[in-house]
Structures are given as C-alpha cells and as structure tokens.
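Student: Here you go, one structure.
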Amino acid sequence: MKRKHSYRTFGNERKVQISRTDIDFQYLKTMPAFFPFTVEKSVRYGHFAFQEEYSFYALLIMLEDGELLYQCNGKTILLKPGMVLFIPSGATYSFSTTSSAFYQKNVVEFGGKEIVSVCNLLEINHFSAFTPDDSLSYLRAVEALREIMGKKDAALPKILSHAFELLVMFSIQSREAQTKSSLWERAKYLLGSDLEKKLLLPDAAKSLKISLSSLNRLFQTNLGEPPLKYRNICRLNAAKDLLRHSNLSIKEIAEKVGFCNQFYFSSEFQRYIGESPSNYRRHFVKDLANE
C-alpha cells in the first residue's frame with residue numbers, strides 16, 4: 001500500500017526569505033532514475049516548526065547559522081552551524097527552531113524512482129549528521145549545483161554528475177567522521193582505564209593502530225590538551241571518588257590511581273582541585289553530616 005504524503009507547519013511563516021532553483025521540468029518528461037529536484041536556501045526569523053509525513057525526496061541539509069532540532073525515526077539531532085544532515089527518501093521527519101528562533105540553511109532535494117537504490121549503494125540510507133572538516137566545500141558544491149541547474153541550456157548529464165558528486169561527498173566524509181568518532185571513544189577509554197598501571201604513549205598509539213603524533217593530535221583537537229594530561233585528570237577524578245566513598249588512606253588512594261608516591265599525588269590534587277586530599281575528604285564528610 002502506498003504511503004500518504006502530508007506536511008504541517010507551526011509558528012511564524014512570514015519572516016522568511018527563500019531562494020530556490022528547481023530542475024527544468026523538461027528533463028523530467030523522461031523521468032530520470034535519479035535527479036536533484038531543487039536547491040533551496042532559506043533564512044527564517046521567529047519560532048517555527050515543520051513536520052512531513054513520508055517525504056518524496058531524500059534531503060541533504062547544511063546549516064549555516066542558528067540552530068535546528070531535527071527528529072526522524074525516533075532519533076533526535078541538534079543541528080548546529082557547519083553541520084550537514086541527511087534525511088532518506090520516504091522518511092517521516094520534523095524540525096523546529098530552538099531558543100535562538102533563527103536559522104539559515106541550504107537544502108538539496110533528490111528524487112527519482114531509483115533514489116533509494118542510489119542511497120543504498122552509497123550507504124547513506126539512514127537519518128544521520130556530522131560536522132565536516134571543511135564545511136565550505138559543501139557550500140561550494142551546493143552553489144555549483146544551483147548554478148548549473150539555473151542554466152536553461154545545461155546538459156542533464158552535467159546536472160546529474162554534480163548532484164551525484166554531492167551525495168558521494170557526504171557518503172565518504174560521513175564514514176570518515178564515524179571512524180574518527182570511534183577512534184576517539186577508544187582512545188578516551190584506553191587513556192582513562194587501568195589507572196593504577198603505567199601507560200607509555202607509544203604503546204597506547206600502537207594499541208590504537210595510529211602514530212604517536214596522531215594520538216597527540218587527537219587529544220589536542222578534541223580536548224585542547226595532551227593525552228597524558230587527560231589521563232592525569234582521570235586519575236584525580238577517580239581519587240575524588242575514593243576520597244568520598246572509601247576508607248582508604250591518602251597513600252593507598254595515590255597508589256590505586258597510579259601516582260608514584262603520596263607527595264606527588266597531594267601536589268597534583270592541590271593544583272587541580274584547589275585543596276589537599278585530606279581537606280577535600282574532610283569537607284565532603286562535613287557536608288554529608290549537615291544534609
């Protein structure tokens with residue numbers, strides 16, 4: 001049974017500027033299996049929400065400014081400037097403004113009877129988003145597609161190649177982003193576990209199958225600090241838990257979280273927390289008694 005298409009809007013529909021370029025309908029007389037239906041740029045002020053039941057098109061969306069909350073198939077994504085979002089054909093989805101009540105975005109709609117097959121081939125057949133390293137490359141690709149679609153004498157193969165290139169770009173870079181995310185999670189786990197043991201960074205990099213420079217760059221990019229500092233902070237946070245919830249001595253806690261001696265531990269704890277381990281424990285016990 002064919003699903004029914006419908007859409008609804010809520011909120012301010014007036015304060016909006018929309019610029020769109022549709023594909024020349026002469027091309028659609030032959031019903032190509034895959035085509036870009038429209039390229040749209042919209043700027044909206046004021047609270048607004050949109051809901052669509054069974055979208056005919058696959059959508060590639062890039063947010064330039066503001067914030068938008070997207071929901072699709074039980075999943076929620078807060079879209080922020082520079083992020084790129086994909087919504088598959090046939091999906092039911094919605095989006096709404098946040099407290100900023102403003103957004104500026106670019107949308108490309110892809111249609112055709114083989115759009116699902118094309119997206120399956122590229123492994124972008126699900127609701128997903130990521131932040132590319134170079135968001136300007138998407139803007140340039142979208143503008144190039146908009147420009148070629150706006151030419152009356154543009155050859156259809158050229159239009160289709162630009163559209164396909166845009167989807168391929170999303171496919172490749174989204175998978176790279178997922179790989180980086182997975183690597184980052186594994187790196188955080190490795191540096192934040194087995195705190196009582198000595199961990200050499202070359203061994204950690206080898207375990208993650210990356211170079212030592214890549215490991216350092218990974219932490220600098222995501223946290224703005226080197227990996228050993230992150231491990232040290234994990235140790236001190238673990239020490240805070242032990243000071244609050246165990247009867248271990250300061251020396252025993254220092255050993256348990258991997259510090260070579262109690263004095264170095266106390267010095268680092270004072271520098272990071274702002275008070276000595278014994279004072280921290282004393283204040284926690286006092287606060288607990290006053291509750």
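Student: What do you get when you divide the Cα radius of gyration of segment 6-181 by 2.2 N^0.38 Å, with N the number of residues?
Tutor: In units of the globular-protein estimate, segment 6-181 measures up at 0.99.
Student: Another question, then. Given the DSSP H assignment, sum -39500 (n - 2.57) over each helix run of at least 4 residues in the chain and divide by its residue total; what's the result at 222 nm in deg cm²/dmol, nearest 500?
Tutor: On the way: 9 runs with 130 residues, N = 291.
After summing the helix terms and dividing by the residues of the chain, the value is -14500 deg cm²/dmol.
Student: Can I ask one more? Quick check: the distance between the Cα centres of segment 1-75 and segment 166-182, to the nearest angstrom?
Tutor: First find each Cα centre; the distance between them is then 23 Å.
Student: For q values of 0.15, 0.18, 0.22 Å⁻¹, compute log₁₀ I(q)/I(0) with the Debye formula on a Cα-only model of segment 1-87, without solvent.
Tutor: -0.74, -1.05, -1.40
Student: Quick one: angle between helix 227-245 and the longest Cα principal axis of the chain, in degrees between 0 and 90, rounded to 10, please.
Tutor: Orientation of helix 227-245: about 60 degrees from the principal axis.
Student: Next question, about the same structure. Taking a threshold of 18 Å on the Cα-Cα distance, which of the pairs Lys41/Lys152; Lys41/Lys113; Lys197/Lys251; Lys188/Lys209; Lys4/Lys41 fall above it?
Tutor: In this structure, Lys41/Lys152; Lys41/Lys113; Lys4/Lys41 lie more than 18 Å apart at Cα.
Student: Which three semi-axes in whole Å describe the equivalent ellipsoid of segment 158-202, each the square root of 5 times a Cα gyration tensor eigenvalue, listed largest first?
Tutor: On the way: eigenvalues 331, 12, 3 Å².
Ellipsoid half-lengths, sorted descending, are 41, 8, 4 Å.
Student: To test your reading of the geometry: what angle, between 0 and 90 degrees and rounded to tens, separates the Cα axis of helix 277-290 from the longest principal axis of the chain?
Tutor: Compared with the principal axis, the helix lies near 80 degrees.
Student: D for segment 192-291, whole µm²/s, Stokes-Einstein with Kirkwood Rh over alpha-carbon pairs at 4 °C and 1.567 mPa s: what number?
Tutor: Translational diffusion coefficient: 88 µm²/s.
Values in this text are rule-based calculations from the coordinates and carry no lab data. Small disclaimer: the values here were computed from a predicted structure and weren't measured.
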